[in-house]
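Enquirer: Mind having a look at this structure? Questions to follow.
The values are calculated or read from the model by the stated rules, or taken from the named source; none is laboratory data. These numbers were taken from a predicted model, which means no experiment stands behind them. Here the Cβ positions follow ideal geometry from the backbone for every residue, glycine too, while neighbour counts run over all protein chains shown. With ligands, DNA and RNA removed, areas are computed over all heavy atoms of the protein, side chains included. Shrake-Rupley method; radii C 1.70, N 1.55, O 1.52, S 1.80 Å.
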Amino acid sequence: MPFRPLRLCIVYDGARGLCDRVVPRMRVMLEHRAFLVDTHEVGQGGIDLDACQGLVLGSPATGLAIRGAGPSARLRTWVEAVPSLERVRVALFCVYDTRPGATLDRMETLVRSRGAEVVARQAYWALAPRRDDHVLPAECMVRIR
C-alpha cells in the first residue's frame with residue numbers, strides 16, 4: 001500500500017502577532033513529520049475541514065491571562081461556527097507574553113464541547129518560542145497518525 005501523507009490544518013488567531021512567532025516553524029516541523037499542512041488565520045476566509053485528518057488550534061494569551069486568557073473571541077467564534085468537530089483530533093497551543101493562565105484548559109473545554117478529541121496541548125512563551133517547540137509536532141505525529 002503506498003504511503004499517503006495526512007493533511008493537517010493549523011488555525012490560529014494572529015492578534016498581536018503572538019501566534020505568528022510559532023506557526024511558521026511549527027508548520028515546517030509538521031511537514032518534516034510527513035504531514036501536508038495548511039495554515040489559516042481566523043478571519044481570512046473559509047477552509048475545507050473535511051479534507052483534514054487533524055486540526056491544530058492556536059490562540060494568544062495576553063497579560064496575566066486573567067482577562068486576556070484564551071481562547072480569543074475570534075477563535076471561539078470560529079470554533080463555534082464550525083458545523084461539527086465530531087471525531088476530529090485536535091492539538092491546542094497558545095502563545096503567551098506573561099503567562100498562559102487557564103487558556104489551554106478553556107480551549108480544551110470549548111473543543112470537547114463540539115465533539116473533538118484533544119490529543120496534545122502546548123504553551124509557548126513569546127520571548128522563547130523555540131523552547132520545547134518540538135513537543136506539539138511530535139505528539140501530532142504519534143496521536144493523529
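Enquirer: Among the residues of the stretch 21-41, what is the count of those that are open to solvent by 70 Å² or more (accessible area, probe 1.4 Å) and part of a helix (DSSP H, G or I)?
Expert: Qualifying residue count for the region: 6.
Enquirer: Within the stretch 1-58, work out how many residues are aromatic (Phe, Trp, Tyr) and either out of contact with any Ser or Thr (no Cβ under 9 Å at 6 or more places or on another chain) or over 20 Å from Ala128 (Cβ atoms) (or both).
Expert: Adding up the residues that qualify gives 2.
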